[in-house]
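The next block holds one structure in the form of structure tokens; read it before the comments.
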Amino acid sequence: MDKRSFLKNLTVMGLSVSPSISAMEKLLQDVSHLPADEVAKDDDFWAKIRGGYKLKPDYINLENGYYCFLPQETLEHYINHVREVNYQGSYYMRTVQWDNKKAMAAKLADLAGCDKEEMVITRNTTESLDIVISGMHWQEGDEAVMAEQDYFSMRTQFKLVAKRYGVINKVVSVPNHPKSDQEIVDLYASAITDKTKLLMVCHMINITGHILPIRKICDMAHERGVLVMVDGAHAFAHINFSMKDLDCDYYGTSLHKWLSVPLGAGFLYVKKGKVDQVWPLLAGGDKEPNDIATLNHIGTHPVYTDLAIGNAIDYYLKIGRDKKEERLRYLQRYWSDQVRGKGNIVINTPEDPRLSCGIANVGIKGMKPKDLADTLMKKYKIYTVAIDEANVHGCRITPNIYTTTQELDVFVKALKEMGNA
């Protein structure tokens, strides 16, 4: 084996090989025989997981939705990757960086349930989806469908292509409390015409945590010859799903959210055969037809972040996909069930447990969301984010697996005091 191959194999293999079973792995072995929903309620177990995080004591952090910071295990791996890339310098950049990035993309593809040829690493959801929005072969009069609850960066990009190409944007509004999945499917279907080219939909609406029926929407749209692009910023590594189950055409996410990768990593999934329907954002040279790499040229970037993706995946899988999902859902229901329908408290997230997981949104009648967020921080030392748009007026609440029920008790007490419940 030559030195180049040795370094590549050492770098990739080192992401997942551990010399011994850690204390965390022993802890996980002790609950491996238990169903995920039972482990979700075990506060002692999750308190030990919390010990792997370095947390600020100044406030209770219920705003993990923007950035789920790293557990110390992943952070130390990341720091070592920075040191190693810096140590090798140009040698690393000119020899193995692309092979290692492909290896990390393949590991992501395996986690997402798709082929490695359908996955590339980007920097975030905005980059992933804006590549598709700006790169579609638009003609004047083409139509795009989206919701006012979609993330502003993508809605802004659609406004840009409307100005540039004469695209017509048709915007629906997703109800906070739908009567059924069919109501949501029919809502999007009502906006489709024979001129519709692309439909954008959130897998999990970022401001409410509402999980939408993606497969049903995709089936409906495909029957009408419409491509579907899914914003999965808050769904990936939050809820358990497979890309093949969704059957969408394009999917983008940010890995610094629920997978807890360092800032600067996301992915773009493109179903086989759909690459050539998108112009690259930046020209990267001649590639084979429908090679997803044509959409992934960004120049020099922080390659050590790519390497940390593998460590974050390893940590996530050690915890267990189902265990994490059930813990996040348990935490959300722990606080929301105690205040839903009480006093002046308004929950802007569906009550059906199938339609949400760790994220929910809460407001107080007669209180502006900004004032609610400010009061929670200043009076109760609870950090959240105010949402005041698209029929959603409240604070988004996003605990993480390290969040304790004792912390949520403080939050519930605060809501009841402010909401006269």
Unique residue being modelled with pLDDT of 95 or more, among the basic types (Lys, Arg) and over 26 Å from Leu295 (Cα atoms) when the list is Lys197, Lys179: Lys179
Enumerated strands (runs of 3 or more DSSP E) restricted to region 89-174, each holding at least 3 residues that are crowded, with 18+ Cβ neighbours inside 10 Å and without any contact (Cβ under 8 Å) to a residue 60 or more places away in the chain: 143-147
Qualifying residue in region 88-98 (condition: of a type in the set (Phe, Trp, Tyr) and in contact with an Asp or Glu (Cβ under 9 Å, 6 or more places away or on another chain)): yes
Those residues of region 54-66 which are under 16 Å from Tyr315 (Cβ atoms) and within 20 Å of the chain's Cα centre (by Cα), in sequence order: Asn64
Residue pairs meeting the criteria (Cβ under 8 Å; at least 6 apart or on separate chains; first under 17 Å from Met146 (Cα atoms), in region 215-240; second of a type outside the set (D, E, K, R) and surrounded by fewer than 16 Cβ atoms within 10 Å (Cβ to Cβ)): Lys216/Gln182; Val228/His222
Long-range neighbours under 6 Å by Cβ, at least six apart or interchain, first residue touching a residue at least 24 places away in the same chain (Cβ under 8 Å) within region 360-376, second crowded, with 21+ Cβ neighbours inside 10 Å and among the charged types (D, E, K, R): Asn361/Arg396
Among (1) at pLDDT 95 or above; (2) farther than 25 Å from Lys197 by Cα; (3) out of contact with any helix residue (DSSP H, G or I) (no Cβ under 6 Å at 6 or more places or on another chain), the one test that Ile298 misses: (1)
Selected residue (criterion: farthest from the chain's Cα centre (by Cα)) from residues of region 199-211 that are assigned to a loop (DSSP other than H, G, I, E, B) and under 13 Å from Ala233 (Cβ atoms): Ile207
Subset of region 114-164 [touching a strand residue (DSSP E or B) at 6+ places or on another chain (Cβ under 6 Å) and among the small types (Gly, Ala, Ser)]: Ser128, Gly135, Ala144, Ala147, Ala162
Residue in region 253-271 that is free of Cβ contacts under 8 Å to residues at least 40 places away in the same chain and either farther than 28 Å from His81 by Cα or in a helix (DSSP H, G or I) (or both) present: no
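Listed here are the residues, each with its yes/no results for (1) over 13 Å from Val362 (Cα atoms); (2) touching a Cys at 6+ places or on another chain (Cβ under 7 Å); (3) free of Cβ contacts under 8 Å to residues at least 24 places away in the same chain.
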| residue | (1), (2), (3) |
| --- | --- |
| Lys378 | yes, no, yes |
| Ile382 | yes, no, no |
| Asp388 | no, no, yes |
| Asn391 | no, no, no |
| Ile397 | no, no, no |
| Thr404 | yes, no, no |
| Glu407 | yes, no, no |
| Leu415 | no, no, no |
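The values are calculated or read from the model by the stated rules, or taken from the named source; none is laboratory data. Just so we're clear, the structure is a prediction, and the values are computed from it rather than from any experiment. So basically every Cβ, Gly included, is an ideal-geometry build from the backbone, and we count neighbours across all protein chains shown.
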